[in-house]
1. Need the failing condition index for S87 against (1) in a loop (DSSP other than H, G, I, E, B); (2) surrounded by 12 or more Cβ atoms within 10 Å (Cβ to Cβ); (3) of a type in the set (S, T, Y), just the number.
2. Going residue by residue through region 50-70, is there one that turns out to be within 19 Å of W171 (Cα to Cα) and within 14 Å of the chain's Cα centre (by Cα)?
3. When region 52-70 is examined, which residues are found to be part of a loop (DSSP other than H, G, I, E, B) and surrounded by 14 or more Cβ atoms within 10 Å (Cβ to Cβ)?
4. Could you tell me whether V23 is touching a residue at least 40 places away in the same chain (Cβ under 8 Å), touching a Leu at 6+ places or on another chain (Cβ under 7 Å) and either of a type in the set (A, V, I, L, M) or assigned to a strand (DSSP E or B) (or both)?
5. Can you find, within region 133-161, the residue that is modelled with the highest pLDDT among those that are under 19 Å from S87 (Cβ atoms), among the charged types (D, E, K, R) and surrounded by fewer than 14 Cβ atoms within 10 Å (Cβ to Cβ)?
6. Do we have any residue at all in region 58-66 that's closer than 22 Å to F146 by Cβ, touching a Ser or Thr at 6+ places or on another chain (Cβ under 7 Å) and among the aromatic types (F, W, Y)?
7. So, in region 112-126, how many residues would count as being assigned to a loop (DSSP other than H, G, I, E, B), touching a residue at least 60 places away in the same chain (Cβ under 8 Å) and out of contact with any His (no Cβ under 9 Å at 6 or more places or on another chain)?
Amino acid sequence: MPRHARVLKSKTLFRGRVIQLKVEQVVEPGGIQTTREVVCHRGSVVVIPHLPGGRVILVRQYRHAVEENLWELVAGGIEPGETPRESARRELQEETGYRARTLKPLLEFYPSPGILSEKMHLVEARDLTLSKAQPDADERIELGLFTVHELINMARSNEIRDAKTLVGILWLFADKKPPI
């Protein structure tokens, strides 16, 4: 069976700063011919910043698409020519003001593969030193420092609803017993 679809026709409906929206007629592996709507994104990083003493930094910011302020791991798009590690380093400083001496790639995942091409790179940041935050002009970011138990409880109580943050919590704390 072929690994990739054969694209019969592709039309870009929208090209923005961050995404493109395409409608494609394809023959998928297995012979299914269909039309797919695809949001194209160049990829992003998700950073788990560890502070001494076992705390993890989350950021809280307004997300217009869901009209809510959400607690999230540090994250952002990979710029053209940037590696995931370089992007992680840049996003960590921009959003939190911290610099990491150690960045460790953990895994790659797709947040919504039914419609979105974006690949997210989960990166662990350790040996942090405080510098100066440099948020984008349109970002209003609040920092929070949380223990493992607090993060697990926040996920269980639906205080954390951002998928990339839940993936990060599951990855790092899978071996920890959640509080009952």
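1. (1)
2. Yes: region 50-70 contains one or more residues that are within 19 Å of W171 (Cα to Cα) and within 14 Å of the chain's Cα centre (by Cα).
3. Across region 52-70, the qualifying residue is only R55.
4. So V23 fails the test.
5. D138
6. Looking through region 58-66, none of the residues is closer than 22 Å to F146 by Cβ, touching a Ser or Thr at 6+ places or on another chain (Cβ under 7 Å) and among the aromatic types (F, W, Y).
7. Qualifying residue count for the region: 1.
The values are calculated or read from the model by the stated rules, or taken from the named source; none is laboratory data. No experiment lies behind these values; they were computed from the predicted model shown. Positions of Cβ are backbone-derived with ideal geometry, glycine not excepted, and every protein chain shown enters the neighbour counts.
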